[in-house]
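Visitor: Input: one structure, supplied below.
The values are calculated or read from the model by the stated rules, or taken from the named source; none is laboratory data. Computed from a predicted structure; not experimentally measured. Cβ placement follows ideal geometry from the backbone for every residue including glycine, while neighbour counts extend to all protein chains displayed. Side chains included, ligands, DNA and RNA excluded: accessible areas come from the protein's heavy atoms. Shrake-Rupley method; radii C 1.70, N 1.55, O 1.52, S 1.80 Å.
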Amino acid sequence: MVQSINPSNNELIKSYKEISDIELQNTLVRMKTAFENWKQQSFSFRSSLMKNAAEILRKKREEYSKLMTLEMGKPISQSRAEIDKCAWVCDYYADNAEKFLTDEIIKTDSTKSFVTYQPLGVILAVMPWNFPFWQVFRFAAPTLMAGNVGILKHASNVSGCSLAIEEVFSEAGFPEFVFKSVILSSSRVKDLISNPIIQAVSITGSVPAGKSVASVAGSFIKKTVLELGGSDPYVVLEDADLTETVQTCVNSRLINGGQSCIAAKRFIVVKEVYDRFTEMYVDFMKHKKMGDPFDETNDIGPQASVKLRDELHDQVLRSIEAGAKLLLGGFVPELKGAFYPPTVLADVKPGMPAFDEELFGPVAAIVKAEDEDDAIKLANQTVFGLGAAVFTKDVARGERIAKEKLNAGSCFVNQFVRSDPRLPFGGIKESGYGRELSVFGIREFVNIKTVSIK
Ligand code: NAP
């Protein structure tokens, strides 16, 4: 059985029965058949169904938002924004997939040569709980529009969301078995990847999960896209607008209760403004309210589970032991759920967990840098490379640093890193490889085929 536990009070929401091996095999066989038909449908047909999916999301916004908040504890207003973004990505690929995948003529010595983008078949998505709808829709919208079919193994604690997503596609009129959610524990993912019907895998999750999926898929020569963890650095230079910068940095650290792969995690501040930034940061952070995620006056809800909250607290304690200065929070409250307060650690240095590891919760690590060069060096001194940001009033300076100096998949200037259907999203180093969203995302799971005619 797979259980969904309400992180606000630790009570069981529902138990779900895992799919049996025989049911799973039957599902895969039916999906393979569904693919043969689906890949022949026109873009305009697929697009009309994807538009329906967007409409259903908008119609059932409140129901799905409440489900997300119940299962993983994100503030309800952020759940609503997540549903809106899912509808956006459905519309975006409904409008653009055909343009992105149109044959491209290339002049050669042949009479006619062109590149065509053909779907691959049944694609497996292994997804995390932190953005239970968004992570799935940003995979599913391009994948299905390209003519593939998708099977979802969602994180065990959001099985209700997993089934609700299948319901969206079904109500939108997608043929049966074009999109399927299956409830199964992560120990069975290896076998699923090895099944010959699965053609490729997209995983969003932690580095260990990514390594495991990539190594199994690699042994069967199946393509993977890996969207893994991050420890995004935000570089604050001496000429930054400190009021705006601090607000952006705090909000970016606290979004989704701090449980976002692209949340700002390390704030690397040059020495001229370090003390002022730190003081303002603590001041701003201490007004952020933790509590019931259904109460709209709260800024953060609980963490997704007590286990994850306790691991986070352990990282904080180990950082303090290694010399970090605790300026705010840093304790486990006497509350029934998985709550953890907004926390600030200053004087964080390489070698401390708050610098070296991903802290997946509302804990800010503030790091002092000597100057711009030192700040960039510290920013890049990480095994991750997902997002990064730089804050300076000199936009040309910011652009140069973002483009040439920061080693990450997305580098933003004077704003927090966010995903957008129109822009490619993904990482380098242990944050993974491959890209989601934009034209790049839809070309990950297609055969980029050359046709050349004499
Ligand atoms: P997780 O524990 O790695 O789980 C992610 C998914 O992988 C779940 O469906 C999980 O299933 C499954 N899984 C876990 N171990 C596995 C294994 N050994 N083999 C196959 N599947 C496995 O991560 P999470 O706690 O849900 O999510 C948080 C992590 O995701 C953070 O590191 C965060 O940075 C990262 N993330 C990255 C992005 C990005 O775009 N780069 C976006 C969001 C989150 P069970 O739940 O059944 O264990």
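Visitor: Would you kindly state how much longer the chain becomes between residue 450 and residue 13 on full extension, computed as 0.36 nm times their sequence separation minus their alpha carbon distance, in nm to one decimal? Intermediate values should be presented prior to the final figure.
Guide: Values: separation 437, 0.36 × 437 = 157.32 nm, distance 5.09 nm.
My answer for the length gained is 152.2 nm.
Visitor: For a protection proxy built on the mean count of beta-carbon atoms within 10 angstrom, sort 104-110, 314-320 highest first, please. If you can, show how the numbers build up before the last one.
Guide: Values: 104-110: 10.0, 314-320: 18.3.
The densest-packed peptide leads the list: 314-320, 104-110.
Visitor: A further question follows. How far apart, in nanometres, would the label points at residue 318 and residue 287 be if each is projected 7 angstrom from Cα along the Cα-to-Cβ direction?
Guide: Modelled inter-label distance: 3.5 nm.
Visitor: I would also like to ask the following. In degrees from 0 to 90, rounded to the nearest 10, what is the angle of the helix 159-171 Cα long axis to the longest principal axis of the chain?
Guide: The angle comes out at about 40 degrees.
Visitor: Which listed residue (10, 335, 129) has the Cα farthest towards the positive end of the charge dipole for the chain, taking +1 on Lys and Arg C-beta and -1 on Asp and Glu C-beta about the Cα centre?
Guide: The Cα lying farthest towards the positive end belongs to 129.
Visitor: Among 383, 440, 419, flag the residue with its Cα farthest along the positive direction of the charge dipole of the range 360-451, charges on Cβ as +1 for Lys/Arg and -1 for Asp/Glu.
Guide: 440
Visitor: Same structure again: Checking the a/c ratio against 1.5 first, then a/b against b/c, what shape does the Cα gyration tensor give for the range 188-329?
Guide: prolate
Visitor: Could you tell me how many degrees, from 0 to 90 and to the nearest 10, lie between the Cα long axis of helix 306-321 and the main elongation axis, the longest principal axis, of the Cα atoms of the chain?
Guide: 40
Visitor: Note down the magnitude of the dipole of the range 97-141 about its Cα centre, charges +1 on Lys and Arg C-beta and -1 on Asp and Glu C-beta and zero elsewhere, to the nearest 20 debye. Let's see the in-between values first.
Guide: Values: 4 positive and 4 negative charges, 21 e Å.
Rounded to the nearest 20 debye, it is 100 debye.
Visitor: A further question follows. Of 154, 313, which has the most accessible area and how do the rest follow, probe 1.4 Å?
Guide: Working: 154 10, 313 35 Å².
Of 154, 313, the descending order of accessible area is 313, 154.
Visitor: What FRET efficiency, computed as 1/(1 + (r/R0)^6) with R0 = 30 Å and r the Cβ-Cβ distance, is obtained for residue 44 and residue 194, rounded to the nearest 0.05? If you can, show how the numbers build up before the last one.
Guide: Values: r = 36 Å, r/R0 = 1.21.
FRET efficiency, residue 44 to residue 194: 0.25.
Visitor: In the range 211-275, if the dipole is taken from +1 on Lys/Arg beta carbons and -1 on Asp/Glu beta carbons about the Cα centre, which of 234, 260, 216 is farthest to the positive end?
Guide: So the residue furthest toward the plus end is 216.
Visitor: Per residue and in Å³, how big is the convex hull formed by the alpha-carbon atoms of the range 335-404?
Guide: On the way: hull volume 8.7 nm³, N = 70.
Enclosed volume per residue, from the Cα hull, is 124 Å³.
Visitor: Return an integer: the convex hull volume of the alpha-carbon atoms of the range 29-181, in Å³ per residue. If you can, show how the numbers build up before the last one.
Guide: Numbers: hull volume 16.9 nm³, N = 153.
In the range 29-181, the Cα hull volume divided by residue count equals 110 Å³.
Visitor: Still on this structure, please answer the following. Quick check on the chain: helices-only [θ] at 222 nm, where DSSP H runs of length 4 and up contribute -39,500 (n - 2.57) each and the sum goes over total residues. Nearest 500, please.
Guide: Details: 15 runs with 184 residues, N = 454.
Value at 222 nm, helices only, nearest 500: -12500 deg cm²/dmol.
Visitor: Something else about it: For the chain, take the longest principal axis of its alpha carbons; what is the angle in degrees between that and the long axis of helix 271-285, to the nearest 10 within 0 to 90?
Guide: The angle comes out at about 70 degrees.
Visitor: Around residue 203, what is the net charge, scoring Lys/Arg as +1 and Asp/Glu as -1 over all other residues with Cβ under 11 Å from its Cβ?
Guide: Summing Lys and Arg as +1 and Asp and Glu as -1 gives +1.
Visitor: Write down the percent of antiparallel bridges among all DSSP beta bridges whose residues are both part of the chain, to the nearest 5. Don't skip to the end; give the middle numbers.
Guide: Numbers: 21 of 61 bridges.
Approximately 35 percent, going by the DSSP bridge assignments.
Visitor: In addition: Give me the accessible area per residue for the chain, probe 1.4 Å, as a whole number in Å².
Guide: Numbers: 18440 Å² over 454 residues.
With the other protein chains kept in place, the chain gives 41 Å² per residue.
Visitor: Tell me the Kirkwood hydrodynamic radius of the range 1-50 in angstroms, computed as one over the mean inverse distance between distinct C-alpha pairs.
Guide: 14.3
Visitor: Now for a separate question. Please work out how much length the chain gains when fully extended from residue 66 to residue 20, using 0.36 nm per residue of separation minus the C-alpha to C-alpha distance, in nm with one decimal.
Guide: Values: separation 46, 0.36 × 46 = 16.56 nm, distance 2.94 nm.
Value of the extension gain: 13.6 nm.
Visitor: Next question. Using mean Cβ contacts within 10 Å as the protection proxy, how do 190-201, 122-133 order, highest first?
Guide: Values: 190-201: 17.6, 122-133: 25.3.
The peptides rank, most packed first, as 122-133, 190-201.
Visitor: With viscosity set to 0.692 mPa s and temperature to 37 °C, compute the Stokes-Einstein D of the chain, Rh being the Kirkwood radius across alpha carbon pairs; µm²/s, no decimals.
Guide: It diffuses with D of about 144 µm²/s by this estimate.
Visitor: Extent of the range 290-440 along each principal axis, from alpha carbon coordinates, in Å, largest to smallest?
Guide: Principal-axis extents of the range 290-440 (Cα, largest first): 47, 37, 30 Å.
Visitor: Step by step: find N for the range 267-308, compute 2.2 N^0.38 Å, then divide the Cα radius of gyration by it. What's the final number? Display every interim value, and only then the final one.
Guide: Numbers: Rg = 14.6 Å, N = 42, 2.2 N^0.38 = 9.1 Å.
Cα-based Rg divided by the globular estimate yields 1.61.
Visitor: While we're looking at this one, here's another question. What distance in nm lies between label points placed 7 Å from Cα along the C-beta direction at residue 95 and residue 400?
Guide: The modelled label-to-label distance comes out at 3.7 nm.
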